[in-house]
Structure formats: C-alpha cells, structure tokens
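First the structure, in the form of structure tokens, and then the observations on it.
Each reported figure results from applying straightforward, stated rules to the coordinates on display, with no laboratory input. These numbers were taken from a predicted model, which means no experiment stands behind them. Cβ placement follows ideal geometry from the backbone for every residue including glycine, while neighbour counts extend to all protein chains displayed.
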Amino acid sequence: MGAPHTATVIPPGFALHGQVSPPGSKSITNRALLLAALAKGTSRLTGALKSDDTRHMSNALRAMGVTVDEPDDTTFVVTSTGRLQAPSEALFLGNAGTAVRFLTAAVATVDGAVTLDGDHYMQKRPIGPLLDALRAGGVRVSSATGCPPVLVQGTGTVPARQFEIDGGLSSQYVSALLMLAACGESAIDVKLSGKDIGARGYVDLTLACMKAFGAQVDVVDDTTWRIAATGYTACDYLIEPDASAATYLWAAQALTGGKIDLGIAEADFTQPDAQAQAFIAAYPNMPAVINGSQMQDAVPTLAVLAAFNNTPVRFVELANLRVKECDRVQALYDGLNAIRPGLATVEGDDLLVAADPALAGTRCDALVDTHSDHRIAMCFALAGLKVSGIRVLDPECVGKTYPEYWNALRSLGVTVEMA
C-alpha cells in the first residue's frame, strides 16, 4: 500500500471570480430515476447529476430490468414497463443513502427476493425504523443488524393501507414510504408518529417529484399524507442544480471577497440546503446560533466558514449528522481542531466553533481525515483558501456527488496540489 492520497488547497491570496455551474441535484436525480423506473414508458431526465450515488441507483435499476440510457453527461433516458423485476444478485449501493433507503421501500413491489447491500460505511448506517414501518405495513423485510444488508421478500403488490414512521430520525425514511405509496393496491396513508421531520424540505422535494410523475397526494393533516393508487406516468423532467454543492461556491466567494456566477439565482433553488445562503451572506458576522436540522448537508460548509467568523457560532440540532456518510459532528470537530486546537468543541449534539478571523493567513500542519465523506473533503478544502498546510485525505471521495469539485476550484484560479 502506498501513502494515502491527499489534496492541498493553496491559499490564492486574491478574490475568486468566475463562472461555475454546479452539478445537478443528487437528491432530485435519485428521486427522479426511481420514479421514472416505476413509471410505464420513457422518461427523459435532464440536468441530472452523474456521480457515484446516481451511478449506484441507475445500475440497481438496470439490474431490475429497467433500461437506463445516458446520451450525454447530464441526461438519463429511462424506459420501463412500470414494474421492477427481481435482480439476479444482491444490489450493491456503495454508500448511497438515498439509493438504499428509497429502494428498500420500492422493491416491495418486486415479485421475489431482493437483497440490498453497500460498502462498510453503509453497513453501519441505520435503517431499522424504515424496516419496522414497512413490516407493520405488511412487507416482509429483515436485517441482522438494523443496517444493510437488507432482505426484502416482495410479493408484487403493496396491500398496506397505512405506513407510520418517526420522521425525526431521517426524512429519507418518509420519502421512501411516500414514493412507494403510489404503487399500492388502494390509497395509502403515510403518517408521522411525531410532528418533526429531520429535514421537511426534502419531503417537499419528494412530493413535487411524485406529482410531476402523476402521483395524487392529499394532505390529511399536519402529520399525514394520503397517496392515491395511481402508480406513475413517464414524463420529461428537468433537474435543478445541487444546492448542497452551491454552498461550497457561495462560501468560497464569501471567504475571498469574490463573485462566482452559478448560472442560477439563489431564490430559484427549491432544495432546503439553499437556506444556508442567508447565513453565508452574513459572513463574517454569522449569527451566534444556527439550527442545522433543516439544512443538514450544508452544516459542514457553514462550520468551516464559522472558523473565520468575527464571533463564535453554535450549531444546534445536529443529531442526524451523526448517521450520515460518517459521524459528521465528530469529523468536523476533529478537522477543525487539527487546524488549531480548541477551534471546536462538542456539547451533546451541538458543535461550537470558536471563530477567529486571525486564522486567515496562518499556516498549520493539519491532516484532515474525511472518513471517505465527500462533504468533509469539500468543506475543509474551503479552509485551505485561507490557511496554508491543510491536507485533505481521500480527495477522490468528492466523486460521490461532485466529481468535478477540484477542477471547479482550479477554474477559479485556485491551485490544488494532489499528492
């Protein structure tokens, strides 16, 4: 084994100006791929993301008899009979949380057994609450550990009349059940056992995508949706750029006093992580407390930005960040303190960033362990815009959602050294 790969961003010393088009939304691409596979006919998905996560989803769909063509770098053409077939072997889904959770529910429509598995990181990510909800709805599912691998014994039909789930654990569980519900024998209610959803904005994305593919959704009350047994209809669907990816570019602009044209107005994003832009725009006077519950994937960006803020920032309601690709609360704590001891502290699920504008222009010898988490790699690259000597481990992991990330920085004039 050779030395691990690292990326080092050299502080540019100038404001970043230019145009960078963020990739398509990972969240929307994987929803649209699945719904197109559940729809009879041919759907054309444009503006789509091509990355590790969407590759795992598209390959899984191909393994279940769906035709997924890729005529160019941002388009999927999906042709389906409207039914998924039992695959000949286990579906390997890497560390793609959306693919594992959405498909665990969707393969209940398959007439046969389906095993869903992932890499060693995925095998530590909990899925038990979703399995419990499916089981209570009459779906035969099992997992030895409460994490993947998962075995679903589909019967080709979904007889459930209701699925109930605690949405506070993960909005992806809620979205998985909502998308399955349109495939029922009759209308299905998806009900929250509590009033909180980990990130309600992602459920709104799911509902919008479902409606585009012909689903009928009625809001029964604050905690219940009723989905008619319509199935899905093929359509052409335009996917907006990824708001989580945009946060890195907004932060790079803020840190350097530059201006980066993303080709989309901030107000035109419908994804919840776009809420982070208001906090980024407030830099270097970000608020003392930031609630991360509704923009979870943007928290790493904001936490690194906070290190250079004029005043300390406390990030609250981060429990869900502990069960992402890695424990992001711990990873942020470790990375920030590698830059300077005492820069971050953790209290329960709160992350406190001490903030010190005098960090800018300093040098350190920090090796940031990304735990193969794309968001940890991308956010600590931003710290390298202001501090010399930060080496980011496993830079290739950005391929999960933003394969061109390092080239995007280079296009703005930033030197990125790979070793």
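Given labels modelled 7 Å from the Cα in the Cβ direction, how far is it in nm from residue 124 to residue 310?
Once both label points are built, they end up 4.0 nm from each other.
Mind checking the angle between helix 97-106 and the chain's longest principal axis? C-alpha axes, 0 to 90 degrees, to the nearest 10.
10 degrees
Once the Cα gyration tensor of the range 26-238 is found, what semi-axes does its equivalent ellipsoid get, as square roots of 5 times the eigenvalues, in whole Å, sorted largest first? Please list the in-between numbers first.
Working: eigenvalues 101, 79, 56 Å².
Computed over the range 26-238, the values are 23, 20, 17 Å.
Please give the Cα centre distance for the range 131-197 versus the range 355-419, rounded to the nearest Å.
If we compute the Cα centre of each part, the gap is 38 Å.
Just how many pairs of Lys in the range 26-238 have C-alpha atoms closer than 20 Å, counting pairs that are eight or more places apart or on different chains?
Close lysine pairs found across the range 26-238: 4.
Quick one: order 219, 387 by neighbouring beta-carbon count within 10 Å, fewest to most.
Ordered by Cβ neighbours within 10 Å, fewest first: 219, 387.
For residue 161 paired with residue 327, estimate the spin-label separation in nm (one decimal), with each label point 7 Å from Cα along the Cα-to-Cβ line.
Once both label points are built, they end up 4.4 nm from each other.
For the chain, what is the mean residue ellipticity at 222 nm derived from helices alone (per DSSP H run of n ≥ 4: -39500 (n - 2.57); sum divided by total residues; nearest 500 deg cm²/dmol)?
Using -39500 (n - 2.57) per qualifying helix, the result is -9000 deg cm²/dmol.
Give the residues of the range 78-103 whose amide nitrogen is closer than 19 Å to a point set 7 Å from the Cα of residue 111 in the direction of its Cβ.
Under 19 Å, as judged by backbone N against the label point of residue 111, lie 80-89 of the range 78-103.
Hey, could you get me the Stokes-Einstein D for the range 3-58, Kirkwood radius over alpha-carbon pairs, 25 °C and 0.890 mPa s, rounded to whole µm² s⁻¹?
In µm²/s, the coefficient is 169.
Can you sort 374, 5 by how many other beta carbons sit within 10 Å, fewest first?
Going from least to most buried by this count: 5, 374.
Which residue, 29, 206, 256, tops the fluctuation ranking in a GNM of the chain built on C-alpha contacts under 10 Å?
Comparing 29, 206, 256 in a Gaussian network model of the chain, the most mobile one is 256.
Apply 1/(1 + (r/R0)^6) to the Cβ-Cβ distance of residue 90 and residue 67, taking R0 = 22 Å, and write down the FRET efficiency to the nearest 0.05.
Using R0 = 22 Å, I get an efficiency of 0.55.
Which FRET efficiency, nearest 0.05, do residue 365 and residue 14 yield, Cβ-Cβ r, R0 25 Å?
It comes to 0.55.
For the range 26-238, what is the percent of antiparallel DSSP beta bridges, rounded to the nearest 5?
Working: 28 of 39 bridges.
In the range 26-238, approximately 70 percent of DSSP beta bridges are antiparallel ones.
Express in nm, to one decimal, how much length is gained between residue 291 and residue 340 on full extension, taking 0.36 nm for each residue of separation and deducting their alpha carbon distance.
15.2 nm
Provide 142, 25 in ascending order of the number of other Cβ atoms located within 10 Å of each residue's Cβ, fewest first.
So the ranking, lowest neighbour count to highest, is 142, 25.
Write down the radius of gyration of the chain and its Dmax, each obtained from C-alpha positions, in Å.
21.2, 63
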